[in-house]
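Enquirer: Pasting a structure below so you can have a look.
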Amino acid sequence: MKVAVQYPIAGKNASEITASIEKHIVAARIPGGAALPPVRTLATFLGVSPATVASAYKSLQARGILSAQGRNGTKVSLRPPLPTRPSDQIAAHLRNLAEGNPDPALLPQLKSVFQQLDGQPVLYSGPPNRPSLLTLAAKQFASDHIPATYLALMGGALDAIERILQAHLRPRDRVAVEDPGFNEIFDLVGALGLVVIPVAIDECGLIPAALEHVLANGVHACIFTPRAQNPMGAAVDAQRAKALRKVLDAYTNVLVIEDDHAGPVAGVSAHTVCHTKKERWAVVRSVSKSLGPDLRLALVTGDATTIARIEGRQRLGAGWVSHILQQCVEILWTTARTEQQLQTAADTYMRRRTALLSALASHGIPAYGRSGMNVWIPVREEVSVVTGLATQGWAVRAGERYRLSSPPAVRINISTLTPQEASRLAQDLAHILRPTQHTHSV
């Protein structure tokens with residue numbers, strides 16, 4: 001007798017089973033995060049050999065659609081690389097502090113920039129990158145004591161990180177990531193068939209002892225955010241950078257990627273662990289938070305081999321980042337007004353972040369947010385807090401998607417939060433948490 005299987009999976013060979021699972025994930029009949037039947041259970045249900053089911057699962061794991069969870073079995077990736085149905089939208093009546101956008105009012109306006117474009121067509125035979133933009137990028141990195149002998153331009157931070165990982169790693173390689181950390185990094189690493197290894201952080205970023213532990217147990221790459229860390233707002237200072245550099249330098253073959261996505265609007269100085277003596281490294285600096293998300297451009301500096309590999313792969317596919325985008329960024333970077341706008345944005349985000357942290361502290365609510373646009377608030381139970389705040393008119397993000405092993409929390413984006421709103425939000429949160437005020441720390 002066949003056993004029962006929750007999802008409508010069908011097929012008589014590995015290819016058919018693979019196609020069936022993929023079809024049902026696209027149609028949302030099998031949701032992200034769902035546990036699939038054990039190999040032998042599904043094999044019995046379908047009347048095929050366990051090896052056939054195992055082959056199908058392995059194929060989907062290599063593409064990042066499924067992830068092996070050890071004793072917890074095989075699960076669908078939370079955000080598989082498939083055109084699944086869009087997630088629920090934030091209700092219009094809620095004050096949206098859940099999304100990760102910068103404040104549009106603090107971004108440079110592009111209308112005047114478009115009027116300055118030279119309009120010259122760029123042909124296939126032309127250089128992929130504007131030399132003048134690379135010169136500006138090199139100066140920016142050098143001002144932060146980041147080596148910039150070899151540079152590349154990619155279509156945003158995640159595009160760059162994906163290409164860097166693919167340049168060095170293979171499916172099942174282990175990648176150390178921050179915990180809590182950016183959910184899209186988790187998803188991207190999984191989509192490449194790589195294994196996510198969590199590393200605990202505090203307000204200064206990766207904890208050296210925690211990083212040392214995972215490196216000693218075998219890790220092929222490490223991705224971290226030096227400042228404006230999402231979701232916790234951590235920022236690496238000079239002392240922490242020195243400690244992390246000491247740990248990482250002992251593992252010369254580990255690829256190190258710094259995701260400096262906020263750049264000049266992070267609110268703190270950049271401190272890098274990378275240097276020219278490292279074998280494999282890259283620092284990625286996006287313009288999305290500072291100049292606008294639609295300017296899909298990230299500057300990448302790294303060792304010669306890494307830069308050569310990602311540029312070589314780029315030229316076989318996209319070819320280059322649009323010179324229209326490149327020129328827009330160059331115009332903005334060479335306009336005197338832009339520097340003042342970026343400083344204003346950094347100062348404004350700092351005031352808004354500080355206002356919320358101070359308001360929370362006045363109610364005895366611990367929270368984190370040294371830099372960037374997010375405040376991370378540990379709580380005992382996420383859903384009740386998110387739901388409770390929604391009844392008060394606030395939309396915030398449950399921390400579950402940003403956590404691997406770290407305790408529960410909620411994330412609040414402060415990019416548009418006024419000080420007056422911060423006071424009311426803190427009061428509403430205090431009312432929800434009372435009388436079981438939490439004392440968790442990350």
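Enquirer: So which residues in region 29-45 are free of Cβ contacts under 8 Å to residues at least 40 places away in the same chain and either more than 15 Å from Asn72 (Cα to Cα) or not polar (S, T, N, Q) (or both)?
Expert: Correct list: Arg29, Pro37, Pro38, Val39, Arg40, Leu42, Ala43.
Enquirer: Quick one: Ala209 ticks every box in (1) crowded, with 18+ Cβ neighbours inside 10 Å; (2) among the small types (Gly, Ala, Ser); (3) in a helix (DSSP H, G or I) except a single one, so which number is it?
Expert: (1)
Enquirer: Could you give every pair whose Cβ atoms fall below 7 Å, whose first residue belongs to region 304-318 and is assigned to a helix (DSSP H, G or I), and whose second residue is small (Gly, Ala, Ser), counting only separations of at least 6 or pairs across chains?
Expert: Matching pairs, first to second residue: Thr306/Ala167; Thr306/Ala282; Ile307/Ala152; Arg309/Ala167; Ile310/Ala152; Ile310/Ala167; Glu311/Ala152; Arg313/Ala167.
Enquirer: Which one of the conditions (1) assigned to a helix (DSSP H, G or I); (2) at pLDDT below 95; (3) touching a Phe, Trp or Tyr at 6+ places or on another chain (Cβ under 8 Å); (4) not β-branched (Val, Ile, Thr) does Leu404 fail to meet, given that it meets all the rest?
Expert: (1)
Enquirer: For region 10-54, how many residues are in a helix (DSSP H, G or I), hydrophobic (A, V, I, L, M, F, W, C) and under 18 Å from Ala191 (Cβ atoms)?
Expert: Taking region 10-54 first, the residues in a helix (DSSP H, G or I) are 14-26, 39-46, 50-54.
Remaining after also requiring hydrophobic (A, V, I, L, M, F, W, C): 14, 17, 19, 21, 25-26, 39, 42-43, 45-46, 51, 53-54.
Filter once more, so that each one left must be under 18 Å from Ala191 (Cβ atoms): 21, 25-26.
The number of residues fulfilling the criteria is 3.
Enquirer: While we're looking at this one, here's another question. Taking Asp294 and the conditions (1) more than 18 Å from the chain's Cα centre (by Cα); (2) surrounded by fewer than 19 Cβ atoms within 10 Å (Cβ to Cβ); (3) not in a helix (DSSP H, G or I), which numbered condition does it fall short on, given that it satisfies the others?
Expert: (1)
Enquirer: Val48 passes all but one of (1) under 21 Å from Gly193 (Cβ atoms); (2) surrounded by 15 or more Cβ atoms within 10 Å (Cβ to Cβ); (3) of a type in the set (A, V, I, L, M); which number fails?
Expert: (1)
Enquirer: Just to check your reading of the model, which residue among Ala282, Ala355, Ala298, Ala346 is over 24 Å from Ala167 (Cβ atoms), in contact (Cβ under 8 Å) with a residue 60 or more places away in the chain and in contact with a Gly (Cβ under 7 Å, 6 or more places away or on another chain)?
Expert: Numbers: Ala282 fails: over 24 Å from Ala167 (Cβ atoms); Ala355 fails: in contact with a Gly (Cβ under 7 Å, 6 or more places away or on another chain); Ala298 fails: over 24 Å from Ala167 (Cβ atoms).
Only one candidate qualifies: Ala346.
Enquirer: Find all pairs meeting these conditions: Cβ atoms under 7 angstrom apart; at least six residues apart or on different chains; first residue within region 390-406 and more than 19 Å from Asn101 (Cβ to Cβ); second residue among the small types (Gly, Ala, Ser) and surrounded by 17 or more Cβ atoms within 10 Å (Cβ to Cβ).
Expert: If the second residue must be among the small types (Gly, Ala, Ser) and surrounded by 17 or more Cβ atoms within 10 Å (Cβ to Cβ), the pairs left are Ser406/Ala200.
Enquirer: Return yes when Arg170 is in the same structural domain as Ala216 (by TED's automatic domain parsing) and without any contact (Cβ under 8 Å) to a residue 40 or more places away in the chain and no when it is not.
Expert: Considered against the rule, which asks whether it is in the same structural domain as Ala216 (by TED's automatic domain parsing) and without any contact (Cβ under 8 Å) to a residue 40 or more places away in the chain, Arg170 comes out as yes.
Okay, residues lined up against (1) closer than 15 Å to Ile9 by Cα; (2) surrounded by fewer than 19 Cβ atoms within 10 Å (Cβ to Cβ); (3) not assigned by TED's automatic domain parsing to the domain that holds Arg170:
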{"residue": "Gly32", "(1), (2), (3)": "no, yes, yes"}
{"residue": "Val39", "(1), (2), (3)": "yes, no, yes"}
{"residue": "Ala54", "(1), (2), (3)": "yes, yes, yes"}
{"residue": "Ser59", "(1), (2), (3)": "no, yes, yes"}
{"residue": "Pro83", "(1), (2), (3)": "no, yes, yes"}
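Enquirer: Sticking with this structure for a sec: Got a sec? Which of Ala395, Ala361 is within 23 Å of the chain's Cα centre (by Cα), of a type in the set (Gly, Ala, Ser) and assigned by TED's automatic domain parsing to the domain that holds Pro408?
Expert: Answer to the check: Ala395.
Enquirer: Show the residue pairs meeting these rules: Cβ distance below 6 Å; 6+ apart or different chains; first residue within region 195-212 and over 11 Å from Glu178 (Cβ atoms); second residue small (Gly, Ala, Ser) and outside any strand (DSSP E or B).
Expert: Short answer, once both residue conditions are applied: Glu203/Ala234; Pro208/Ala243.
Enquirer: May I pose another question? Restricting to region 297-318, and then to whatever is within 30 Å of Gln109 (Cβ to Cβ) and modelled with pLDDT of 95 or more, can you tell me which residue is surrounded by the fewest Cβ atoms within 10 Å (Cβ to Cβ)?
Expert: The residue in question is Gln314.
Enquirer: Within region 100-109, can one find any residue that is under 22 Å from the mean Cα position of the chain (by Cα) and without any contact (Cβ under 8 Å) to a residue 60 or more places away in the chain?
Expert: yes
Enquirer: Might you check whether a residue that is farther than 15 Å from Thr306 by Cβ and among the polar types (S, T, N, Q) occurs anywhere in region 232-248?
Expert: yes
Enquirer: Follow-up. Would you confirm, using the coordinates I've provided, whether Val189 is assigned to a helix (DSSP H, G or I), under 17 Å from the mean Cα position of the chain (by Cα) and buried (at least 24 other Cβ atoms within 10 Å of the Cβ)?
Expert: The answer is yes for Val189.
The values are calculated or read from the model by the stated rules, or taken from the named source; none is laboratory data. Quantities reported herein were computed from a predicted structural model and do not represent experimental measurements. When we count neighbours, we look across all protein chains shown, and the Cβ atoms used for this are built from the backbone with ideal geometry, even at glycine.
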